[in-house]
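The values are calculated or read from the model by the stated rules, or taken from the named source; none is laboratory data. A quick note: this is a predicted structure, and the numbers were derived from the prediction, not measured. Note: ideal-geometry Cβ built from the backbone for every residue, glycine included; neighbour counts use all protein chains shown. Each accessible area value is taken on the protein alone, full model and side chains, heavy atoms only, with ligands, DNA and RNA left out. Shrake-Rupley method; radii C 1.70, N 1.55, O 1.52, S 1.80 Å.
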Amino acid sequence: MNNQELQRGLEERHITLMSLGACIGVGLFLGSAKTIELAGPAILIAYVVAGAIMFVIMRALGEMAIQNPVAGSFSRYAKDYLGPLAGYITGWNYWFLWVVTCMAEITAVGVYMHLWFPNVPKWIWALAALVIMTLVNLITVKAYGEFEFWFALIKIVAIIAMIIIGLLIIIFGFGNGGVATGISNLWSHGGFAPNGMKGILLSMQMVMFAYLGIEMLGVTAGEAKNPEKTISRAVNTVFWRILIFYVGALFVIMSIYPWNEIGTAGSPFVMTFEKIGIRQAAGIINFVVLTAALSSCNSGIFSTGRMLFNLAEQNQAPASLKKVNKGGVPSLAIILSAAALLIGVILNYLVPEKVFAWVTSISTFGAVWTWAMILLSQLKFRKNMSPEERANIKFKAPFWPYGNYIALAFLVLVIVLMAFSEDTWIALVVGPIWLILLVAVYYSKGINKQTKKNLLFYEKNI
């Protein structure tokens, strides 16, 4: 098919649930114990602060996405407002970020399926997940949206159920012999912040990793039926969703169980369901985290495919990647991304558990670059406008420009903090090497010259 237009097949319910699902990952179900270990109950502060920063970033992205809803989103904005090199690095960096993240997710699928089918090699399940999610993405964007809608709904229902059950235990002693637990566990074991400010700061990298994927809302703008309505609604509510799902869930968990015991007896979610007599709790939560991993893989293939499509449109990737199939989907771009993810299947033979901490930190480094580019692009986006144009912005980001500066300073702090943990410093090696490699390819392949030619041609013909 020669048509190179993406279809606007994503409805409001798809994008609303996708925006919810994007910020609810496996980390909340199984990885929350690590952040609690670092900061204690004060981890709630870390999630609120990081959530406020993400709100500023998402409003900045929303402002640009509604004014100019394109598939490349922040990669296109970086190119338009910061220059071709910034757009090139941002696009390929985001592709790399999701490939790395999805490698961890498809490997996780193998781990979860192993609970039910211990005699089947894990790599088979990882490969099956990759093939199925790739096929879903190749049909139509609406098929992707439907799968993501239901995946996100499963996660949301599980978290809401856990919060409700937890509140019943806290207030009425439900499942605890009628003895209300109250919330004294939040300060009874060394205080609210047992490890002080240091613990809160060291937890920030993992907290920010939990928010990775929220920016994908911008990528959906090019295929949303009504971008102004759907994107603005999703962006406006993201901060409150984070408060409900992350802060609410962790508040309940740490109220019921002493924070220094969480993680010693398995997932806190499993423990909470078992407390009220649900013996199949482990199986239920295993199903939920399985859908969470599949959801992340599904979103990753969607995002990487669209990013390659946009890079090809800008002549910063092979032209064949901008071709779409009969369903209006960039099929070759999706297949190339899926092929890169095959490395994740191979790693099932080789990867020790330590590598998962490395993967999260490398992904966070890539996410911080993306978020910084969004903030910088929006600063330039506004500065290039006349006073009249600024007054007519459809979805104006608040706190401009000071919110941008505060958020940028926070992102720099997160990068600096990575150097102080043996699990995350590797990102400060791999991340810069990847960026340097991208710059080298950009200049050695003459991509910059081709991009400048396109810009000159565009300027002459408008």
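Which residues, counting only those in segment 374-433, are open to solvent by 20 Å² or more (accessible area, probe 1.4 Å), part of a helix (DSSP H, G or I) and under 23 Å from V219 (Cα atoms)?
Within segment 374-433, L376, K380, L408 meet the criteria.
Can you pull out every residue in segment 143-174 that is of a type in the set (G, A, S) and open to solvent by less than 30 Å² (accessible area, probe 1.4 Å)?
Selection gives A143, G145, A152, A158, G166, G173.
Would you confirm, using the coordinates I've provided, whether I89 is under 25 Å from V270 (Cβ atoms), touching a residue at least 40 places away in the same chain (Cβ under 8 Å) and either open to solvent by 20 Å² or more (accessible area, probe 1.4 Å) or assigned to a helix (DSSP H, G or I) (or both)?
no
List the residue pairs whose Cβ atoms are under 6 Å apart, where the first residue sits in segment 92-106 and is touching a residue at least 12 places away in the same chain (Cβ under 8 Å) and closer than 19 Å to I436 by Cα, the second is among the β-branched types (V, I, T) and open to solvent by 20 Å² or more (accessible area, probe 1.4 Å), and the two are 6 or more positions apart or on different chains.
Short answer, once both residue conditions are applied: V100/V359; V100/I362.
For R59, are the conditions met, namely being modelled with pLDDT under 90, open to solvent by 10 Å² or more (accessible area, probe 1.4 Å) and in a helix (DSSP H, G or I)?
So R59 fails the test.
Here are M103, M64: which of them is buried (at least 23 other Cβ atoms within 10 Å of the Cβ), under 23 Å from F209 (Cα atoms) and hydrophobic (A, V, I, L, M, F, W, C)?
Just one listed residue meets the conditions, M103.
Just checking, which of T370, T360, T364 is at pLDDT below 85 and open to solvent by less than 30 Å² (accessible area, probe 1.4 Å)?
Unique residue meeting the criteria: T364.
Mind listing just one residue for me: the one in segment 173-184 that is modelled with pLDDT under 90 and not small (G, A, S) and, of those, farthest from the chain's Cα centre (by Cα)?
This residue is V179.
Identify the residue in segment 208-246 that is of a type in the set (S, T, Y) and surrounded by 24 or more Cβ atoms within 10 Å (Cβ to Cβ) and, among all such residues, is modelled with the lowest pLDDT.
Applying the filter and picking the extreme gives T220.
Only one of A33, A50, A39 is in a helix (DSSP H, G or I), over 22 Å from I374 (Cβ atoms) and at pLDDT 90 or above. Can you tell me which?
A39
Quick check on my filter: what residues within segment 248-291 are in a helix (DSSP H, G or I), more than 27 Å from the chain's Cα centre (by Cα) and at pLDDT 85 or above?
Within segment 248-291, S255, I256, N260 qualify.
Which ones in segment 170-222 are touching a residue at least 60 places away in the same chain (Cβ under 8 Å), outside any helix (DSSP H, G or I) and among the β-branched types (V, I, T)?
T181, I183, I214
May I ask you to verify whether A249 is under 30 Å from T35 (Cα atoms) and surrounded by fewer than 22 Cβ atoms within 10 Å (Cβ to Cβ)?
no
If you check G110 against the conditions, is it closer than 19 Å to M18 by Cβ, in contact with a Phe, Trp or Tyr (Cβ under 7 Å, 6 or more places away or on another chain) and in contact (Cβ under 8 Å) with a residue 12 or more places away in the chain?
no
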